[in-house]
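**Student:** Quick one: this structure, given as structure tokens, is what I'll be asking you about.
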Amino acid sequence: MQKIKNRKLVAVDLFAGAGGFSLAAIKAGFAIDFAIENDKYAVQTYQNNILKLGGCRHTAVLDNSILDYDPVKLQKTRFKSKNCDLLLGGPPCQGFSTHRILNAGVNDPRNELVLAYFDFVKALKPRVFLMENVPGILWARHQEYLDKFYQEGKKAGFHVFQPVTLDARDFGVPQRRKRVFILGLRDKADISKVQWPPQPTHADPKKLGNGLLPWVSCKAAFRSTQADDENNIHMNHGYDLIEAFKRTPLNGGSRKDSGRILNCHKDHDGHKDVYGRIDPRQPAPTMTTACINPSKGRFVHPTEHHGITVRQAARIQTFPDSYSFCGGLTAAGKQIGNAVPVDLGKYLLEYIKAHIFDSKDFKDEKQMHIKQSGYELA
């Protein structure tokens, strides 16, 4: 068999969305064999961007539900003469979201997609798999799904590390974003090669030490944009809301600062970040699927009187400006909010690749992923 260092490492991306995890894998040195995604606008985005990158001409994009595909058949047709090195994916997380209340999400059929993901792990037998999800997946109410996931991993002979919650800002991304990552290794010999999770590279500027860099601010996300950028769009707001934004202090002002009190806030204070401005001196708030809507969080431009644009949200998620999102404002916001931050994914996969697949040591790992990033330190 051809040595690992002399061939292109092959990855598969499930629940691929707009391609954030795929782009991270490509930047880390992997080739995407196929991706599965059934949101029509995300599929268009994936095809318009990922398939135009070097080495991706033969990538297949399967655009039905993951439940419509037989992973065993895909293994036989796509991997006749090669191995699957890496399996990626983040099953849809609505059932696990922190916004769900009481017992909402329990027995949600979407949660079964976590197990469908593992059907592909068993069939493709990747050397490594990496699953991403929201922190709510760790809630006690969802324990049965995680237990089943780990049981299936054990039966398939995988060593599955315990879930770890990582904050994107601790790895140089200009955003406060906590997500759970679960790493699985097929070969016992690989277990001792990697310390999981990798140590953070960045920290609160007030708590630096051990060579850590300060968190990265989101200031660069608001630099000028090309006039012909189709994603340089934001919500259109009514007169009253624009006037409220004008009264909101620049660079981090909140809804309360504007003096605007909604009927729903008369009896309780409500979500403090709603209609608030982003502070460009700090990492941005989490880009959710509604990140272009100021009524859903702190998503008002730092100095202008409107919500952030699709391009600004994409920059906060560390997508390059060359990456375009299809489907219009709402669809693009959803794709961006669902994505794994490209730079975080790239760093994690470079770390895995260096320790599991590469023979050389992983040098300068704390600097590698921020070179030529264009972001400023907070």
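The values are calculated or read from the model by the stated rules, or taken from the named source; none is laboratory data. Treat the numbers as computed from the prediction; the structure is a model and nothing was measured. Positions of Cβ are backbone-derived with ideal geometry, glycine not excepted, and every protein chain shown enters the neighbour counts.
**Student:** Sort out which residues of the range 198-220 are in contact (Cβ under 8 Å) with a residue 40 or more places away in the chain and out of contact with any helix residue (DSSP H, G or I) (no Cβ under 9 Å at 6 or more places or on another chain), and write them in order of number.
**Tutor:** 205, 217, 219
**Student:** Can you name the residue in the range 32-69 that is within 28 Å of residue 112 (Cα to Cα) and touching a Lys or Arg at 6+ places or on another chain (Cβ under 9 Å) and is also surrounded by the most Cβ atoms within 10 Å (Cβ to Cβ) among such residues?
**Tutor:** 42
**Student:** Select from the range 249-271 the residues that are surrounded by 12 or more Cβ atoms within 10 Å (Cβ to Cβ), within 23 Å of residue 176 (Cβ to Cβ) and at pLDDT below 95 and list them in ascending order.
**Tutor:** Once the filter is applied, which keeps residues that are surrounded by 12 or more Cβ atoms within 10 Å (Cβ to Cβ), within 23 Å of residue 176 (Cβ to Cβ) and at pLDDT below 95, the range 249-271 yields 251, 252, 253, 254, 255, 256, 257, 258, 270, 271.
**Student:** For residue 134, all conditions in the list (1) out of contact with any helix residue (DSSP H, G or I) (no Cβ under 6 Å at 6 or more places or on another chain); (2) among the aliphatic types (A, V, I, L, M); (3) modelled with pLDDT of 70 or more hold save one; what is the number of the exception?
**Tutor:** (1)
**Student:** Can you name every residue in the range 140-161 that is assigned to a loop (DSSP other than H, G, I, E, B), out of contact with any strand residue (DSSP E or B) (no Cβ under 6 Å at 6 or more places or on another chain) and either at pLDDT 85 or above or of a type in the set (Asp, Glu) (or both)? Explain how you work it out, then say what you get.
**Tutor:** Start the filter on the range 140-161 by keeping residues that are assigned to a loop (DSSP other than H, G, I, E, B), which leaves 156-158, 161.
From what's left, out of contact with any strand residue (DSSP E or B) (no Cβ under 6 Å at 6 or more places or on another chain): 156-157.
Hit for the range 140-161 is 157, nothing else.
**Student:** Right, something else. When the range 162-177 is examined, which residues are found to be of a type in the set (S, T, N, Q), part of a loop (DSSP other than H, G, I, E, B) and farther than 27 Å from residue 119 by Cβ?
**Tutor:** Of the residues in the range 162-177, the ones of a type in the set (S, T, N, Q) are 162, 165, 175.
Among the residues that remain, those that are also part of a loop (DSSP other than H, G, I, E, B) are: 162.
Within the range 162-177, none qualify.
**Student:** Of all residues in the range 328-342 being in contact with an Asp or Glu (Cβ under 9 Å, 6 or more places away or on another chain) and of a type outside the set (A, V, I, L, M), which is surrounded by the most Cβ atoms within 10 Å (Cβ to Cβ)?
**Tutor:** 335
**Student:** Then there is this: Between a first residue in the range 12-32 that is hydroxyl-bearing (Ser, Thr, Tyr) and a second residue that is part of a helix (DSSP H, G or I), which pairs have beta carbons less than 7 Å apart while being 6 or more apart in sequence or on different chains?
**Tutor:** Within 7 Å, the pairs are 22/50.
**Student:** Taking the stated definitions as given, is residue 367 modelled with pLDDT under 50, within 20 Å of residue 53 (Cα to Cα) and either not in a loop (DSSP other than H, G, I, E, B) or not small (Gly, Ala, Ser) (or both)? Steps first, please.
**Tutor:** Values: modelled with pLDDT under 50: yes; within 20 Å of residue 53 (Cα to Cα): no; either not in a loop (DSSP other than H, G, I, E, B) or not small (Gly, Ala, Ser) (or both): yes.
Answer is no for this residue.
**Student:** Would you check if there is a residue in the range 178-197 being exposed (fewer than 13 other Cβ atoms within 10 Å of the Cβ) and assigned to a loop (DSSP other than H, G, I, E, B)? So that I can check it myself, show each step before the final result.
**Tutor:** Of the range 178-197, the ones exposed (fewer than 13 other Cβ atoms within 10 Å of the Cβ) are 188-189, 191-192, 195.
Those left that are additionally assigned to a loop (DSSP other than H, G, I, E, B): 192, 195.
Checked the range 178-197: at least one residue is exposed (fewer than 13 other Cβ atoms within 10 Å of the Cβ) and assigned to a loop (DSSP other than H, G, I, E, B).
**Student:** Next up: Within the range 221-240, how many residues turn out to be outside any loop (DSSP other than H, G, I, E, B) and free of Cβ contacts under 8 Å to residues at least 40 places away in the same chain? If you could, list the steps in order and put the result at the bottom.
**Tutor:** Going through the range 221-240, the residues outside any loop (DSSP other than H, G, I, E, B) turn out to be 221-222, 239-240.
From the residues that got through so far, the ones that are free of Cβ contacts under 8 Å to residues at least 40 places away in the same chain too are 239-240.
Within the range 221-240, residues that are outside any loop (DSSP other than H, G, I, E, B) and free of Cβ contacts under 8 Å to residues at least 40 places away in the same chain number 2.
**Student:** While we're looking at this one, here's another question. Name the one entry in 307, 297 that is among the small types (Gly, Ala, Ser), more than 21 Å from residue 11 (Cβ to Cβ) and surrounded by fewer than 24 Cβ atoms within 10 Å (Cβ to Cβ).
**Tutor:** Numbers: 307 fails: surrounded by fewer than 24 Cβ atoms within 10 Å (Cβ to Cβ).
One residue alone meets the criteria, 297.
**Student:** Among what's in the range 274-308 and is farther than 22 Å from residue 172 by Cα, among the β-branched types (Val, Ile, Thr) and part of a loop (DSSP other than H, G, I, E, B), pick the residue that is modelled with the lowest pLDDT.
**Tutor:** Among them, the one singled out is 274.
**Student:** Ok, one more. Can you tell me which residues in the range 207-250 are over 27 Å from the mean Cα position of the chain (by Cα) and of a type in the set (Lys, Arg)?
**Tutor:** 246, 247 - these are the residues of the range 207-250 that are over 27 Å from the mean Cα position of the chain (by Cα) and of a type in the set (Lys, Arg).
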